[in-house]
Amino acid sequence: MEPNRSPQATLNDLLDRILDKGLLLNTDLIVTVAGIPLIGINLKLALAGMETMLEYGIMKDWDEAQRAVARKETERQTPTLGNEEEIIFSVFGSHWYSKGIYNNWRPGTIYITNERLIMFRKIPYEVLLDIKYEKIKGMAIQEKDHFINGTREELYLVLQDDEMVRLHTTDVLSLKKAMENIITTKGISLEDNLVFPVDDEVLGEFMKADEKVTHSGKMWYRYSYIMEGTTHYQWKPGQLYLTDQRLCWWCDFDKKLLFEISTDAMVHIAVQDVQFGTAPIEEKSLVLLYKDGQDNQVVCFSDNEESLREWEKVIKEQIGDSEKESEKNMETCPICGKKEKRETLLSYGCSRCGWMSHRKQS
């Protein structure tokens with residue numbers, strides 16, 4: 001790089017010079033205060049385009065290291081395949097992962113090769129599924145409830161060890177056909193009449209042996225929690241169940257019951273407008289008044305209005321049946337006429353006049 005001086009140089013000339021030939025600065029700088037030198041600076045600076053830098057052997061190690069990283073990242077854009085393995089079909093999708101305390105849909109790219117089914121994600125680099133076709137016992141498309149689209153199709157695979165694999169894509173049918181074509185070509189026979197889960201899988205986790213579900217469906221629950229002394233509300237997705245014994249709500253994400261009351265505790269049900277989140281917009285919600293000991297409590301659920309009206313009708317019928325059953329168990333005090341539950345009146349007497357059953361007295 002030879003020195004060059006031009007008093008008529010413009011900014012464009014300076015940029016061309018930097019990118020083409022580069023600039024070298026060699027400066028000695030001394031900082032003084034009141035004539036006393038305090039700081040000395042010896043500055044040597046090379047400023048040029050990368051091609052010029054590499055031509056003069058500057059930053060060569062850095063450039064080689066970066067190129068190696070880039071090559072490695074390019075190689076990791078797809079999963080590692082065998083010598084004679086080739087990709088037949090690929091689509092972006094997700095699969096249901098449920099092990100330990102972690103339960104969630106994990107996204108990635110599904111690859112159908114001539115040897116296996118692979119699900120792979122680039123960042124972080126990980127093979128999420130690796131299934132040989134010989135391990136698949138059967139498969140079927142199932143329609144499942146979904147909070148965004150109402151319902152959606154999922155591909156269920158049953159493996160030889162009876163493990164269940166759930167996959168979802170925007171085109172589940174094409175994924176299934178691509179797998180069937182490869183499996184047929186390889187001469188593998190899938191079993192017929194396999195049992196696939198069509199009902200809610202979570203019932204066995206909390207349902208009692210003598211309990212019967214009378215109504216169920218997806219439903220949002222207005223969950224309350226206290227933070228820094230203030231009550232906050234959050235809508236969570238899950239499943240609402242009405243049985244012959246209780247009303248309960250199952251949280252899909254937390255995998256547990258977050259709300260349950262006995263059917264006898266339900267007092268009143270109505271569809272009303274309730275504010276959704278922090279936005280000043282009200283949505284139709286199912287508002288239930290129930291007894292918690294001696295106190296009245298309110299709980300809110302939400303979904304489309306058709307579903308809410310159906311739940312309102314079902315719970316009203318349940319409340320009416322409970323009231324009729326409760327009337328059957330009532331007795332009147334023979335002295336003052338106050339109505340009490342039969343068991344309470346016979347065991348403890350009348351709370352108003354103090355009358356006591358002769359059975360209790362004896």
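The values are calculated or read from the model by the stated rules, or taken from the named source; none is laboratory data. Every value quoted in this text rests on a predicted model; they were computed, and no experiment measured them. Note that each Cβ is placed from the backbone with ideal geometry, even for glycine, and that neighbours are counted across all protein chains shown.
Output the strands (runs of 3 or more DSSP E) that fall wholly within segment 102-182 and possess 2 or more residues being under 22 Å from residue 81 (Cβ atoms) and among the aliphatic types (A, V, I, L, M), or say none.
Of the strands (runs of 3 or more DSSP E) lying wholly inside segment 102-182, those with at least 2 residues that are under 22 Å from residue 81 (Cβ atoms) and among the aliphatic types (A, V, I, L, M) span 102-113, 116-121, 126-132, 150-159, 164-169.
For the condition assigned to a loop (DSSP other than H, G, I, E, B), touching a helix residue (DSSP H, G or I) at 6+ places or on another chain (Cβ under 9 Å), surrounded by 10 or more Cβ atoms within 10 Å (Cβ to Cβ) and at pLDDT 75 or above, what is the one hit in 88, 58?
Every option except 58 fails the conditions.
Only one residue in 99, 44 is at pLDDT below 85 and within 30 Å of residue 178 (Cα to Cα), so which one is that?
99
Out of segment 210-246, which residues are buried (at least 16 other Cβ atoms within 10 Å of the Cβ), touching a residue at least 40 places away in the same chain (Cβ under 8 Å) and more than 23 Å from residue 282 (Cα to Cα)?
215, 242 - these are the residues of segment 210-246 that are buried (at least 16 other Cβ atoms within 10 Å of the Cβ), touching a residue at least 40 places away in the same chain (Cβ under 8 Å) and more than 23 Å from residue 282 (Cα to Cα).
In segment 159-178, which residue that is closer than 14 Å to residue 95 by Cβ and hydrophobic (A, V, I, L, M, F, W, C) is farthest from the chain's Cα centre (by Cα)?
159
Of everything in segment 212-257, what is closer than 12 Å to residue 302 by Cα, hydrophobic (A, V, I, L, M, F, W, C) and at pLDDT below 85? Give them in sequence order.
235
What about residue 80, is it at pLDDT 75 or above and surrounded by 10 or more Cβ atoms within 10 Å (Cβ to Cβ)?
For residue 80, the condition - at pLDDT 75 or above and surrounded by 10 or more Cβ atoms within 10 Å (Cβ to Cβ) - is met.
Looking at 260, 283, 306, can you tell me which residue is free of Cβ contacts under 8 Å to residues at least 24 places away in the same chain, assigned by TED's automatic domain parsing to the domain that holds residue 219 and under 21 Å from residue 206 (Cα atoms)?
Going through 260, 283, 306 in turn, the sole match is 260.
Starting from segment 336-355, take each residue that is in a helix (DSSP H, G or I) and list its partners that are of a type in the set (Ser, Thr, Tyr), counting only C-beta distances under 7 angstrom and pairs at least six apart or across chains.
346/357
Yes/no matrix, rows are residues, columns are (1) part of a loop (DSSP other than H, G, I, E, B); (2) surrounded by fewer than 16 Cβ atoms within 10 Å (Cβ to Cβ):
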position	(1), (2)
248	no, no
253	yes, yes
257	no, no
272	no, yes
283	no, no
287	no, no
308	no, no
